[in-house]
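We did not get these values from a lab; they are worked out from the coordinates using the rules stated. Since the structure is predicted, the reported quantities are computational estimates derived from the model, not experimental observations. Here the Cβ positions follow ideal geometry from the backbone for every residue, glycine too, while neighbour counts run over all protein chains shown.
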Amino acid sequence: MDKTGMKVMEIYKHSREKRTNFKEIKIMISGYGAVAKELVRLLSKQNNWAETYGATFLLTGIIGSEGMIYEENGIDLSQLLQCEKGSAGLRSYSKTKGIPVTSACLNGDVLIECSPTDIQTGGPALGYIMEAIQDNMNVVSVSKGALVHSFASIMAAAEERQVQIKYSGATAAALPTLDIGEMSLAGSTVTKVEGILNGTSNFILTAMQKELVSYEQALSIAKEKGIAESNPALDVEGTDSACKLLLIANKIFCAQYTLQHVQVEGITQLTRSTMIEIEGQEQKMKLLCTAERTGNSVSMKVRPVSINQDHPLYHVEGVEKGITFYTEEMGRICCTGGASSPKGAAAAALKDLINLYRSH
């Protein structure tokens, strides 16, 4: 082997030796619904993460609506996965392991926030996030409510305490919206962002157009398939899309707008005759989210828009989502797909968690 080859081998060996000096990250989860349980399932599959990412993760505590389970040396994930989700599952685990369900108290390196979304008050999530920041914990948020309600306050507190906030799971879950905007387009000038950010509304619109059924019929189909909630107002009225657009725009355009700055129109008023007309024109109706910079301000809209075949989001159908970034330097960048499921959201949270600590 020549000197160059020996040098390369020496560098490779040194790199592998450095990767053995990993840090064990202690994490806590607030909220134990479907997404949190899927996250536990993903964490239970850790394999060679120390070598691959330079870190491993130890789940020490989970906070539910009725209290917290905590084990300093790590929760038994295989045992926990045999229990149901929610507080009932936490009670069952505590009984099996002989540990108490205690009052919530954060203690660790990072909080993964999975509480139900409450955009009116921020809900319990806001308290957990602010407490984590004050305790110098990084935060990975799947829940949108606290960020939508108190974005500026959360970011100011995080900057003061020098901790990081990541929230891919709150901005279209498995679809890598923030990753593209922050990492892949670093140094570029983003002028506009367009997205289809809600899988439920997109499924309903796809069903209306393909089957030529009414809005009510399409919604019924979505409910039967478990795609739409029993009360789908946040999805069909455009609120969920507006929340995601707001968080994306604030990050990409370095802004601190609130939900009141987003013009929102849902899909409930669309009729079967409208869909027939659009189909005849070879167009598709989408609940399109748009954030566009004009001078020093950003305009944000969520509204049903008929788009032509040359639009990059034309083929985004069913529960899939998509996002397009328009830049001065790199042109138009589009990404579509992403699982609309608890597992997809959990995977987004895991990705954020790994990216926080992979430098170790």
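Points to keep in mind about this one:
- Taking other residues whose beta carbon is less than 15 angstrom from the beta carbon of LEU270, and scoring Lys, Arg as +1 and Asp, Glu as -1, yields -2.
- The mean sequence distance of close C-alpha pairs (under 8 Å, at least 6 residues apart), as a share of the length of the chain, puts its relative contact order at 18 percent.
- Applying the criteria of a DSSP loop state and at most 15 other Cβ atoms within 10 Å to the trypsin sites (Lys or Arg not before Pro) of segment 43-137 yields LYS45.
- Computed from point charges on the beta carbon alone (+1 for Lys and Arg, -1 for Asp and Glu), the dipole magnitude for the chain about its Cα centre is near 760 Debye.
- Table column - 3J(HN,Hα) (Hz), segment 71-83, Karplus curve with 6.51, -1.76, 1.60, x for Gly and Pro: 9, 4, 8, x, 6, 6, 5, 5, 5, 4, 5, 7, 8
- Ordering THR258, ALA339, LEU350 by the projection of their Cα atoms onto the charge dipole of the chain, which places +1 on the Cβ of Lys and Arg and -1 on the Cβ of Asp and Glu, puts LEU350 at the extreme positive end.
- Computed from Cα atoms, the angle from the helix 342-357 axis to the main principal axis of the chain rounds to 50 degrees.
- Of the GluC sites (Glu not before Pro) found in segment 248-287, the ones in coil according to DSSP and having at most 12 other Cβ atoms within 10 Å of their Cβ are GLU282.
- Extension reserve of the ALA233-ILE276 stretch, reckoned as 0.36 nm per residue once the Cα distance is removed: 13.0 nm
- Distances between placed amide hydrogens fall under 5 Å for ILE29 paired with GLY61, ILE62, ILE63, ILE112, all partners being 5 or more residues away or on another chain.
- Integer Hz, Karplus 6.51/-1.76/1.60 couplings in order for segment 116-132, x for Gly and Pro: x, 6, 9, 7, 6, 10, x, x, x, 4, 4, x, 4, 5, 5, 5, 4
- For segment 313-330, 3J(HN,Hα) computed residue by residue from phi via the Karplus equation (6.51, -1.76, 1.60; θ = phi - 60°) reads 9, 4, 8, 7, 10, x, 8, 6, 10, x, 8, 10, 10, 9, 10, 6, 9, 9 Hz, glycine and proline entered as x.
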